[in-house]
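Right, one structure below, let's go through it.
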Amino acid sequence: MADISLTFPDGNARSYPRGVTPAEVAASISNSLAKKAISASVDGSHWDLQWPIEADANITLHTMKDDGPALELIRHDLAHIMARAVQEIWPEVRVTIGPVIENGWYYDFDREEPFTPEDLGVIEAKMKEIINRRDPVTTEIWERDRAIRYYEANNEPYKVELVEAIPGDEPVRMYWHGHWQDLCRGPHLQHTGQVPADAFKLMKVAGAYWRGDSSRQMLQRIYGVGFKNRDDLKAYLTFLEEAEKRDHRRLGREMELFHMQEEAPGMVFWHPNGWTVYTELRDYMRRAQRRGGYVEVNTPQVVDRKLWERSGHWDKYQEHMFIVEVEEEHAQEKRMNALKPMNCPCHVQIYNHGLKSYRDLPLRMAEFGSCNRYEPSGALHGLMRVRGFVQDDAHIFCEERQIESETKRFIDMLAEVYRDLGFESFRVKFSDRPETRAGSDEVWDKAERALMAATEAAGYSFELNPGEGAFYGPKLEFVLTDAIGRDWQCGTLQVDFVLPERLDATYVGEDGAKHRPVMLHRAILGSFERFLGILIENFAGRLPFWLAPRQVVVASIVSDADPFVLEAVEALKAAGIRAEADVRNEKINYKVREHSVGKVPVILAIGQREVEDRTVSMRRLGEKGSRVITLDEAVTQLAAEARAPDMP
RNA sequence: GCCGCAGUAGCUCAGUGGUAGAGCGCACCCUUGGUAAGGGUGAGGUCGGGAGUUCAAUCCUCCCCUGCGGCACCA
């Protein structure tokens with residue numbers, strides 16, 4: 001048998017017999033490595049210790065110290081162990097798939113009775129039992145027909161389908177955990193005892209469609225999380241609690257920002273506090289757009305279906321539109337309208353009024369456009385997914401050759417807005433042409449090149465989302481990362497060659513002939529509703545001073561201080577600060593606690609001493625101490641802080 | 001839309017086949033207290049909606065609505 005050469009991370013190469021396994025390689029190096037090794041990377045692929053290596057390769061051996069491979073193996077083994085536990089307890093349950101996901105895994109089962117939360121405890125106990133058996137994990141490659149016959153004989157129809165779907169040139173690999181067997185790509189650990197028995201937890205049961213297809217069987221999915229040790233598991237559970245505390249639905253109630261109720265699902269009732277933040281953010285965006293060279297417009301909410309037919313939305317999105325039928329006594333026919341789900345067709349109507357010249361372009365048309373979409377009931381989620389919302393929407397009508405400069409200009413504006421709102425960095429995703437699309441390849445070439453060049457010119461790299469563009473053009477998406485590491489896709493820029501065509505938008509070029517403008521659909525926040533939700537969660541309710549609904553509460557310590565408290569509030573209000581008095585018959589401890597819970601950034605306490613000196617005792621949210629300064633100083637200082645980040 | 005779970009006072013939640021309870025909040029009284037809950041008294045509920053079973057339903061059954069967790073969707 002010919003030898004192969006394996007190159008180690010330190011650059012040294014050794015020769016081994018063809019078909020050597022990483023386990024044997026480890027053993028050839030040292031006994032301790034042979035014991036500690038859990039898997040290998042062979043030319044970048046994650047490699048099971050049992051798999052033979054057939055050609056020269058770079059090899060890295062992994063131990064439990066290597067987080068990436070270790071966690072992947074642990075979670076993958078846990079998925080199998082869970083499936084095995086389920087079949088040991090309920091032999092009639094059919095198994096399907098169980099991949100590793102962020103922080104854990106899931107496994108989908110077909111079972112008549114849904115799993116209950118109590119079942120999870122039973123399964124967990126069985127899993128621990130299996131781990132403690134320290135069953136060996138072995139693997140082999142089967143003939144496709146044998147695998148199909150095997151699964152047919154064992155009444156595992158989902159597995160049959162999976163085997164059939166494996167491309168002909170890929171091996172059909174089987175894994176055993178003890179006597180329990182599963183179709184699996186691998187790799188895995190060497191025995192079940194290598195999985196930490198105290199660092200995993202089954203989290204929830206949920207329905208999930210077989211192969212993600214809503215027309216197919218609904219399966220029962222069990223989610224689990226798994227880590228290398230108990231502390232990591234605990235840390236993760238603590239993180240979940242943190243996220244729970246930041247939940248904007250909870251904070252929205254506690255801070256009296258908004259509510260929703262069942263008569264208007266997916267629609268927001270903004271309370272005075274919430275509306276203050278909302279309008280503050282909207283005013284900020286309005287200023288940003290003015291600086292950015294946009295004109296602002298406003299278009300109708302209720303629009304005849306004829307326009308939606310022309311724009312193509314009626315065909316595609318009719319089911320997701322709120323339809324308004326009007327019975328007019330004198331009308332010959334019933335008029336069917338739709339609440340606008342988006343603004344672009346209306347903006348083209350404004351564009352089309354009057355002849356446009358190339359001198360008018362680029363024309364940047366912005367609207368805080370109030371849109372309604374009949375979102376599927378299961379999609380609704382607080383402010384994050386609603387049926388009535390306002391976009392910071394704009395359409396840039398431009399010539400093809402302006403796409404690049406307009407894109408660059410937009411990214412610069414977006415970066416400034418995100419920075420002002422407390423997000424220092426963001427990621428860019430670039431989606432190029434999908435399979436089915438409108439427009440010629442030359443036009444797509446130009447548009448894609450322009451978007452990429454503009455992104456780079458603005459100083460950003462991007463991740464490629466191949467084939468994910470809209471049918472009408474390529475798009476950029478902008479993703480924020482919040483304070484606890486969660487991603488939120490907010491901004492977008494989409495090139496559109498189609499809508500100007502459908503709605504017959506034109507301009508007169510230098511050559512005196514009519515041309516088609518290109519439309520750039522773009523938004524920075526996305527929707528105000530959702531973005532406010534993100535802001536609330538990002539700041540855990542502690543909004544920056546300029547956005548805080550109640551910026552200052554002036555609280556009396558003794559009732560003799562009340563007149564000065566009221567005077568202080570007036571002085572703050574006169575300086576443009578959102579201030580309230582708290583002269584209730586309560587102790588200062590009580591008032592401090594209440595307003596701290598309510599996330600008021602500054603509390604000014606006033607007692608007898610302050611009245612005499614015309615001072616205030618300033619306490620900032622999250623700080624323990626307080627500082628006594630004169631009322632005048634406090635007003636000057638807070639007025640400066642209250643200015644929005646774009647104000648001089 | 002699909003699967004599962006849930007809906008009791010403003011909020012968080014307990015509870016029962018014989019029309020309901022706690023804490024917080026709210027109102028009033030006492031207290032004037034120095035930086036995260038002072039004390040007392042009191043008001044407050046068609047138990048999500050509808051139908052059914054029953055002598056009797058907040059409780060059991062069915063349908064619907066809404067919410068929550070996923071899945072699917074997201075112009």
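Throughout, read-outs are computed from the coordinates displayed, never taken from laboratory work. In this text, all values refer to a predicted model and were calculated from it rather than measured experimentally. In this analysis, Cβ positions are derived from the backbone assuming ideal geometry, glycine residues included, and neighbour counts consider all displayed protein chains.
Structural remarks
- Database remark: amide H of A:LEU219 closer than 5 angstrom to the amide H of A:ALA208, A:TYR209, A:TRP210 (H placed geometrically; neighbours at sequence offset of 5 or more, or on other chains; Pro and chain starts carry no H).
- Net charge contributed by nearby residues that have their C-beta within less than 14 Å of A:ALA2 (K/R +1, D/E -1): -2
- Scaled against 2.2 N^0.38 Å for its residue count N, the alpha carbon radius of gyration of the stretch A:263-408 is 1.21.
- Contact order relative to length of the stretch A:557-606, as percent, for alpha carbon pairs under 8 angstrom and 6 or more apart: 46 percent
- Fewest-first sequence of A:ARG530, A:ARG305 by Cβ atoms within 10 Å of each Cβ: A:ARG305, A:ARG530
- For chain A, the relative contact order is 8 percent, taking Cα pairs closer than 8 Å that sit 6 or more residues apart in sequence and dividing their mean separation by the residue count.
- In Hz, Karplus ³J(HN,Hα) per residue of the stretch A:166-174 (6.51, -1.76, 1.60; θ = phi - 60°; x = Gly, Pro): 6, x, x, 8, 9, x, 9, 9, 10
- Across the alpha-carbon set of the stretch A:203-325, the Rg to Rh ratio works out to 1.10, Rh being the Kirkwood radius.
- Cβ-based exposure ranking for A:HIS62, A:HIS381, A:HIS395, A:HIS46, in which fewest neighbours within 10 Å come first: A:HIS381, A:HIS46, A:HIS62, A:HIS395
- Here's the list of lysines a cross-link from A:LYS36 could span, going by alpha-carbon distance under 28 Å and ignoring same-chain residues fewer than 8 apart: A:LYS65, A:LYS126, A:LYS128, A:LYS201, A:LYS228, A:LYS234.
- Two-decimal ratio, the stretch A:19-107, of alpha-carbon radius of gyration to 2.2 N^0.38 Å: 1.28
- Trypsin sites (Lys or Arg not before Pro) lying in DSSP loop within the stretch A:597-647, provided at most 16 other Cβ fall within 10 Å: A:ARG614, A:LYS624, A:ARG643
- Eligible lysines near A:LYS587 by straight Cα distance, threshold 19 Å, same-chain separation 8 or greater: A:LYS599, A:LYS624
- Average projection area in nm² (convex hull over Cα atoms of the stretch A:83-122, one quarter of hull surface): 3.1 nm²
- Vicinal HN-Hα couplings computed from phi for the stretch A:582-599 (Karplus, 6.51 cos²θ - 1.76 cosθ + 1.60; Hz; Gly/Pro x): 10, 10, 5, 7, 9, 6, 4, 4, 5, 5, 4, 4, 4, 6, 5, 4, x, 6
- Per-residue [θ]222 nm for chain A (sum of -39500 (n - 2.57) over DSSP H runs n ≥ 4, rounded to 500): -11000 deg cm²/dmol
- Share of Cα-Cα pairs in chain A lying beyond 51 Å, as whole percent: 30 percent
- Nearest-ten-degree value, helix A:67-89 long axis tilted from longest Cα axis of chain A: 70 degrees
- Cross-link check: pairs A:LYS306/A:LYS446; A:LYS204/A:LYS245; A:LYS306/A:LYS475 evaluated at a Cα-Cα cut-off of 26 Å; pairs beyond the cut-off: A:LYS306/A:LYS446; A:LYS306/A:LYS475.
- Cα-based equivalent ellipsoid of the stretch A:177-262: semi-axis lengths in Å, sorted from largest, via gyration tensor: 35, 23, 8
- Entry for the stretch A:108-147 at q = 0.16, 0.17, 0.19, 0.33 Å⁻¹: log10 I(q)/I(0) = -0.72, -0.76, -0.81, -1.07, Debye formula applied to identical alpha-carbon scatterers, no solvent contribution.
- About its Cα centre, the dipole of chain A is roughly 1040 debye, where the only charges are +1 on Lys and Arg Cβ and -1 on Asp and Glu Cβ.
- Rounded to the nearest 20 debye, dipole of the stretch A:116-267 from Cβ charges on Lys, Arg, Asp, Glu: 340 debye
- Over all projection directions, the Cα-based convex hull of the stretch A:117-220 averages an area of 7.9 nm².
- Legend: P(r) of the stretch A:30-182 from all alpha carbon pair distances, 10 Å bins from 0, whole percents, reading 9, 34, 37, 18, 3, 0.
- Calculated FRET value between A:ASP315 and A:TRP142, using beta carbons and R₀ = 51 Å, to 0.05: 0.60
- Relative contact order for the stretch A:424-535, counting Cα pairs under 8 Å that sit 6 or more residues apart, in percent: 26 percent
- The P(r) of the stretch A:384-491 has a tail past 22 Å containing 36 percent of all C-alpha pairs.
- Isotropic mean projected area of the C-alpha convex hull, the stretch A:541-617 (nm²): 4.7 nm²
- Helix A:144-153 and the longest principal axis of the Cα set of chain A meet at an angle near 80°.
- Each other residue within a Cβ distance under 14 Å of A:THR630 adds +1 if Lys or Arg and -1 if Asp or Glu, for a net charge of -3.
- Three semi-axes of the equivalent ellipsoid, the stretch A:440-568, Cα gyration tensor, whole Å, largest first: 48, 20, 12
- Comparing the stretch A:512-570 with the 2.2 N^0.38 Å rule of thumb, its C-alpha radius of gyration ratio is 2.24 (two decimals).
- Each Lys or Arg adds one and each Asp or Glu takes one away; over the other residues whose Cβ falls under 11 Å from the Cβ of A:PHE397, this sums to -1.
- Taking a straight Cα-Cα cut-off under 12 Å and skipping sequence neighbours fewer than 8 places away in the same chain, the aspartates and glutamates within cross-link reach of A:LYS334 are A:ASP304, A:GLU325.
- The angle separating the long axis of helix A:441-457 from the principal Cα axis of greatest extent in chain A is about 70 degrees.
- ³J(HN,Hα), Karplus 6.51/-1.76/1.60, whole Hz, each residue of the stretch A:464-475, x for Gly, Pro: 8, 10, x, x, 9, x, 6, 5, 9, x, x, 9
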